[in-house]
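A quick write-up on the structure given underneath.
The values are calculated or read from the model by the stated rules, or taken from the named source; none is laboratory data. These numbers come from a predicted model, not from an experiment. Note that each Cβ is placed from the backbone with ideal geometry, even for glycine, and that neighbours are counted across all protein chains shown.
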Amino acid sequence: MPAKLFTPFELSGLKLDNRIVIAPMCQYSAEDGCTNDWHVIHLGHLALSGAGLLTIEATSVLPEGRITFGDIGLWNDACEKALSRTLERIRRWSDMPIAIQIAHAGRKASTDLPWKSAAQIAPGRPNGWQTVSSSTLPFQIGENPPAALDHDGLARVRTAFAEAARRSVRAGIDLIQIHSAHGYLLHQFLSPLANKRTDNYGGSLENRMRFPLEVFDAIREAVPSNYPVTVRVSATDWVEGGWNVEETIQYAKELERRGCAAIHVSSGGMSPAQKIPLGPNYQVPLARTVKAAVKMPVVAVGLITDYEQAEAVIGTGDADLVAIARAILYDPRWPWHAAAHLGAHVKAPNQYLRSNPHTAPHLFDVHADN
């Protein structure tokens, strides 16, 4: 029986060769929001991996929405031109579909590079700025409090998400993922741990979902009607009294009703008090629960590192696609090795076909014109 992991899949008309998604992974290496040679090397390498879809890292819709000063952005023409050049160079050698995650970090913005300290940089210091959020609660005690977004601020962020979506389409991106997970701005509106508002954007679940859904609607309007727009969620904060999987299901149903093409189910990131039961497949039960409640495709992620493990997630119907992150940084040919192990085949550049091992003569799709 053919490996389910390597069966084709379609997202709103976008055809994927298999069910392996390369998750967005921040590189903290942009200059004024612009991609550069590092991104050509990094993304180009992954675009030769044989995965079904490559997702570009969290790309901020506004300068103050960056996690760090090294994040990619899409808030002006310079950022768009840089991204277009990067894509052009990658696509000369790979036809892998490429997605982008557009984001705003909210109160978790203005931090140092992770290989330095990852600590918040206060406004007024080099590479630091004033953060914004749903409310004025900082992420960690002792950090500079964010400013609560007022009516004009909400409108500015909504417009920025829509404009970044338009720029993504013009640059040639195949799919947009909206980041409403991991404690960043849209998640800060969803979670009662961060959202203490008393207006129409706080309190009840309906109110807390209002702004993220407005952002989704603005993006959906900004792109062609058949263009795939997906959402990444944290299904739980892993904190008592925080955002939970039952609320995630309601959010997912609202997104589906609005035309969401898929939902990528992750978790955590909202509070330093989180207690995550880390282990292989630790988030797959969350994906399974969401999948049982919606018709749109579901992506599972989180310590999925083994080939049989990934195959089981798809084969049992727990999710429609699996996302690989750190595992593919460590092994950029992970899909090749998974295909060899499972008796499937992948696309590979003509220049690499002679690397085909004798133990897996079936591995490469030699008819692919890369």
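Does Glu246 qualify as being charged (D, E, K, R), over 30 Å from Glu163 (Cα atoms) and modelled with pLDDT of 95 or more? For Glu246, the condition - charged (D, E, K, R), over 30 Å from Glu163 (Cα atoms) and modelled with pLDDT of 95 or more - is met.
Residues in segment 297-319 that are crowded, with 21+ Cβ neighbours inside 10 Å and either in a helix (DSSP H, G or I) or of a type in the set (D, E, K, R) (or both): Ala310, Val313, Ile314.
In a residue-by-residue description of segment 126-146, the property of being out of contact with any Asp or Glu (no Cβ under 9 Å at 6 or more places or on another chain), surrounded by fewer than 17 Cβ atoms within 10 Å (Cβ to Cβ) and closer than 17 Å to Arg220 by Cβ applies to no position.
Would you check if Ala78 is aliphatic (A, V, I, L, M), closer than 30 Å to Asp150 by Cα and assigned to a helix (DSSP H, G or I)? Yes; evaluated as a whole, the condition is true for this residue. The residue list Ala323, Ala360 contains one member that is part of a strand (DSSP E or B) and either within 23 Å of the chain's Cα centre (by Cα) or not β-branched (Val, Ile, Thr) (or both), which is Ala323. Among the residues of segment 69-88, those that are under 27 Å from Gly153 (Cβ atoms), crowded, with 22+ Cβ neighbours inside 10 Å and not hydrophobic (A, V, I, L, M, F, W, C) comprise Asp71, Gly73. Report yes if Ala58 is in contact with a Cys (Cβ under 7 Å, 6 or more places away or on another chain) and either buried (at least 23 other Cβ atoms within 10 Å of the Cβ) or within 25 Å of Pro332 (Cα to Cα) (or both), otherwise no. Taking the combined requirement at face value, the residue satisfies it. Candidates in segment 124-171 are the residues that are in a strand (DSSP E or B) and in contact with a helix residue (DSSP H, G or I) (Cβ under 9 Å, 6 or more places away or on another chain); of these, the one that is nearest to Pro272 (Cα to Cα) is Ser133.
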